[in-house]
Amino acid sequence: MNNYVITKKEANEDFIKLNMKLFSGKLPSIKILIQEHEELWGECISDFDVITGDIKSMTIMINTTYPDKKTYHSVLGHEMIHALQYIEGRDGEHNEYFYSFEEKFKENNLDFYDDSF
């Protein structure tokens, strides 16, 4: 059962905190969309310019509820890795670069999910 409800204010504040803890502040401000989804717990959505390859927009979608705060933080952090991959011109795959953040998650008492939600 998902009892932990996410607010827009909390999501924006947590993005800033996790950005500092996990990524040393490397991520720019990114729109957070809180949306009920039956199949996904989160997703990083990027819109690229087809000619230049530049990012036109980026949104992190998180679900409206989670089993607990730790799961929510872990999912948000997971999607933030994908955002950093895109910003750095990498693909958004679960690859060696993606897994390079696993220890940082553990240091911050977060679960490191490596599959889709």
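None of the figures in this text is laboratory data; all of them are computed from the coordinates on show. These figures come from a predicted structure and were not determined experimentally. Note that each Cβ is placed from the backbone with ideal geometry, even for glycine, and that neighbours are counted across all protein chains shown.
Over the chain, consider all pairs of different Cα atoms and compute the Kirkwood hydrodynamic radius from their mean reciprocal separation; express it in Å, one decimal. Before the final figure, lay out the partial values.
Numbers: mean 1/r = 0.0693 Å⁻¹.
Hydrodynamic radius (Kirkwood, Cα only) of the chain equals 14.4 Å.
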- Item | Charge dipole magnitude, Cβ of K and R +1, D and E -1 - the range 64-117, Cα centre, debye nearest 20 | 280
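Taking the Cα centre of the range 4-107 as origin, work out the dipole magnitude from +1 charges on Lys and Arg Cβ and -1 charges on Asp and Glu Cβ, in debye rounded to 20.
Details: 12 positive and 19 negative charges, 107 e Å.
Around 520 debye, computed over the range 4-107.
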- Query: In terms of Cα to Cα distance under 19 Å, which lysines are near enough to Lys9, apart from those fewer than 8 places away along the same chain?
  - Reply: Lys17, Lys21, Lys31, Lys69, Lys70
- Where in the range 2-108 are there GluC sites (Glu not before Pro) that are in a DSSP coil and have at most 16 other Cβ atoms within 10 angstrom of their Cβ? Glu36, Glu38, Glu39, Glu88, Glu93
